[in-house]
Structure formats: structure tokens, C-alpha cells
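Below you'll find the structure, written out as C-alpha cells, and then a few comments.
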Amino acid sequence: MLPFEYARPTTKEEAVKLLGTDWGDAEVLAGGTDLLDRTKDFVSTPKRVVSLQSVKELHGVKYSATEGLTIGAMATLTEFAENTTVKRNFPVLVDVANDIGSPQIRNVATVAGNLAQRPRCWYYRAGYGLLAQDNGKPLVPEGDNRYHAILGNSGPAYFVSPSSLGPIFIALGGKIKLFGPDGPREMPVDQFFVIPKGDGDREHALKPNEIITEIVVPPTHSAKAGWYSVEQKEGLDWPLVQAAAVLQMSGKTVKSARIVLGHVAPTPWPSREAEQALAGKTITEETAAEAGKAAVASASPLSRNKYKVQLARVAVKRAILKAVLGKRDEHEEA
């Protein structure tokens, strides 16, 4: 990697002053599990690295019955998953966090870092840029696109969002709080993720001189939440497809639903079609299967990733069944 300055501020105000107005000026260091890879491969070559470890207000997890769950940006995945309040009020979040990486990674990786990590697209990591182009020609459509997008992939972006927490935070109605030179701002988590349209665009709504400070998840009350991930192997693997389901029930009938897919599009992908398919229905294996079909009705697979359509359909079905019935269909192969 190239040499860089290292800074360790103690307040968020100091931190944003150390970040530049251009992306190449500085990088934020949280857990470092993504940044280290990028700097070693020269994908990122920051002039300065700004560690947030000593900014105490960015740490910790707290809960109130009125505000819900507030997660400090620097909370590690282990700290988050082992928090008693999270276990009691948001067990689905514990399931998601414990599925990310290995125990060693979870001990240092942060909740905010999982949201803000850069894509794992091998063209991007090989130095062809976020849009994976060589002299203006997109490489993904005719290249090795086994793990690329099947939704939201009309171009020029074909990568998939690598965040595993993003889909469930969106399904739960979470908000993300940012801080920059102009002060704090917040937005729904689904607005944090964006599809880049040009070379200078990013896949997040962060500005170069902003940091994430908190993620807030409102109380779920009586909502039913489920999540399902499909991976090539059970241990230490990137998901091929994920689905998050949060259902508001009226008795046995679905009053409203949020269905969000992960690792299938450049952003976590809410499925209005699946949500509409569930409205007013009683959850059975058949209605869950119909929602799964609806979720991928507009999928447009590339030359080598058609298999992900079937995986996404089954993941949605199983997430819904886990949310309401506490089980998944064991008879249908992904």
C-alpha cells in the first residue's frame, strides 16, 4: 500500500475536519476489514486515514420503548449481537449479525462499516472502477457475472450491494444519522443506498467529509420479522441472496409487509410486488411462495447468474415463513 497520514480524533467535529472534500483525500477507519483490503490492492489510495476508535459518542447500543434501538456507528458486530436488549427486542438482527463473516471479523467489524463497505465486484476490486468499464466499455454483461445483479441492473451499475444488515434495517424502518461540516442530518436507511450513474458517483449518500454516527430502528411492537440467507457454504462465505421480511399482522391476516432482498441489486432491493402479494392474506406456504414469485417477476438475469432468480424466490418464501410460522419449507430446494 502507499504511505498515508494517520489521524485519531476524539470528537466527531474533529473527525470531519480531517476528511477532505474529495474522495481521494481521506478514508474513514472503523473496523478496517474492508479498508485494509482496498488499500493493499491499491483500489483505495487515501492521503490520510482517519480512525474513529477514540470518538466515544459513536460507540454503544441503547434502547427505549419509545425511540427504539439506537446503535452507535462504531459498535462491533459482536457487541451488537451479544447485547441483551437486542436479543430480547430484535432477535432477527442477532441472526443477521451472527451470520456475517467469522468471529474474528465480527470482533472488529462495525455496524456502520457493514452498511458503508464498498462492493465486492471483482472488476471493481481489480481496478476497473465502480462501474467496471474498460475504455468506456462495460465488462460485466459479457464477462464473468456469476455474482452480479439480477435486479436494478439496466446499467451502468451491475455490482450487488454487499451489506447484510441493510435489507433488514430497511424492512424494520430504520434511519441512519450522518454528521458533516454542516451539522447532522438523517434519512431512512433505504435512501442511504443509491445506484451510481456516472464515474464520479458513489453507491452511498455519504459525502466525502461526512461520517455515520448512529442507526436507529423503531420499536417493532407486534411485527413479525424473518430473514433468510443463501450461501454456497455455511461458514465464512458471502451470501448469494438474502431476504428480509417484516409483517404487521391483524390476527392471522397480513395487514402490511416489508420485503427487502439483499445481494441481488446495486442497492438492497425492496419488493413492492411481494408486499402487495401478501396484503390481506393469511400466511401459508402457498401465499409465501406467491410472494417469492412476485419478488423476482421483474428480474433480468445476466448471462451467468440466472440461478440467482430461483434462489431469491426461495429466500423470500423462507423469510416469510420464518417470520410468521417460525419455520421454513424444508421440501423445496434452493
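The values are calculated or read from the model by the stated rules, or taken from the named source; none is laboratory data. None of these values were measured; they are calculated from a predicted model. Here Cβ is always computed from backbone atoms with ideal geometry, including for glycine, and neighbour counts include all displayed protein chains. Note: accessible area is taken over every heavy atom of the protein model, side chains too, but ligands, DNA and RNA are not part of it. Shrake-Rupley method; radii C 1.70, N 1.55, O 1.52, S 1.80 Å.
What's the FRET efficiency of H221 with R146 using the Cβ-Cβ distance as r and R₀ = 35 Å, to the nearest 0.05? Show your work: numbers first, answer last.
Values: r = 41 Å, r/R0 = 1.16.
Computed FRET efficiency for H221 and R146: 0.30.
In Å², what does the accessible area per residue of region 60-130 work out to with a 1.4 Å probe?
Values: 2930 Å² over 71 residues.
Result: 41 Å² of accessible area for each residue.
Give, rounded to the nearest 20 debye, the magnitude of the charge dipole that the chain has about its Cα centre when Lys and Arg contribute +1 at Cβ and Asp and Glu contribute -1 at Cβ.
Details: 40 positive and 38 negative charges, 106 e Å.
So the dipole magnitude of the chain works out to roughly 500 debye.
With helices defined as uninterrupted DSSP H runs, which ones in the chain have an alpha carbon span along their own long axis of at least 24 Å and mean Kyte-Doolittle hydropathy of at least -1.0? It would help to have the intermediate numbers written out before the result.
Details: long enough: 307-325 (27 Å, 0.76).
Helix filter hits for the chain: 307-325.
Applying 1/(1 + (r/R0)^6) with R0 = 22 Å to the Cβ-Cβ distance of K137 and R304, what FRET efficiency is obtained, to the nearest 0.05?
On the way: r = 18 Å, r/R0 = 0.82.
Once rounded, the FRET efficiency stands at 0.75.
Could you pull out every one of the lysines with an alpha carbon less than 16 Å from that of K308, ignoring same-chain neighbours closer than 8 positions?
Result set, ordered by chain and number: K233, K293, K317.
Starting from 0.36 nm per residue, how many nanometres of slack lie between V194 and Q53 once their C-alpha separation is accounted for? Write down the numbers at each step before the final one.
Values: separation 141, 0.36 × 141 = 50.76 nm, distance 2.71 nm.
Full extension of this stretch gives 48.1 nm more.
Round to the nearest 0.05 the FRET efficiency obtained for M187 and T85 when R0 = 22 Å and r is the Cβ-Cβ distance.
Values: r = 24 Å, r/R0 = 1.11.
Efficiency computed from Cβ-Cβ geometry: 0.35.
Compute the signed sum of charges (Lys and Arg +1, Asp and Glu -1) over the other residues within less than 15 Å, Cβ to Cβ, of N89.
Numbers: positive: K62, K87, R88, K224; negative: E67, E82, D95.
Spelling it out: positives minus negatives among the neighbours equals +1.
What share of the DSSP beta bridges in region 1-157 is antiparallel, in percent to the nearest 5? Kindly include the intermediate steps, with their values, before the conclusion.
Details: 7 of 14 bridges.
Close to 50 percent.
Classify the chain from the C-alpha gyration tensor, please: rounded if a/c falls under 1.5, else prolate or oblate depending on whether a/b exceeds b/c.
Details: a/c = 1.97, a/b = 1.26, b/c = 1.56.
Oblate.
Under 1.5 on a/c is rounded, so check that first for region 198-334, then, if it is not, pick prolate when a/b is larger than b/c and oblate when it is not; a ≥ b ≥ c are the square roots of the alpha carbon gyration tensor eigenvalues.
oblate
What net charge is computed for the residues neighbouring R185, neighbours being all others with C-beta under 11 Å from the C-beta of R185, Lys and Arg scored +1, Asp and Glu -1? Display every interim value, and only then the final one.
On the way: positive: K175, K177, K207; negative: D182, E186, E210.
Around R185, the surrounding residues sum to 0.
Tell me the label-point distance for the pair T282, D37, using the 7 Å Cα-to-Cβ offset, in nm and rounded to one decimal.
In this crude spin-label approximation the distance works out to 4.6 nm.
Please report, as a whole percent, how much of the solvent-accessible surface of the chain comes from carbon and sulfur atoms (probe radius 1.4 Å). Working shown, then result.
Working: 7390 of 14920 Å².
Its accessible area is 50 percent carbon and sulfur atoms.
Taking 0.36 nm per residue of separation and subtracting the Cα-Cα distance, what length does fully extending Y6 through S154 add? Provide the component values of the computation, followed by the final result.
On the way: separation 148, 0.36 × 148 = 53.28 nm, distance 3.97 nm.
Taking Y6 through S154 to full extension adds about 49.3 nm, to one decimal.
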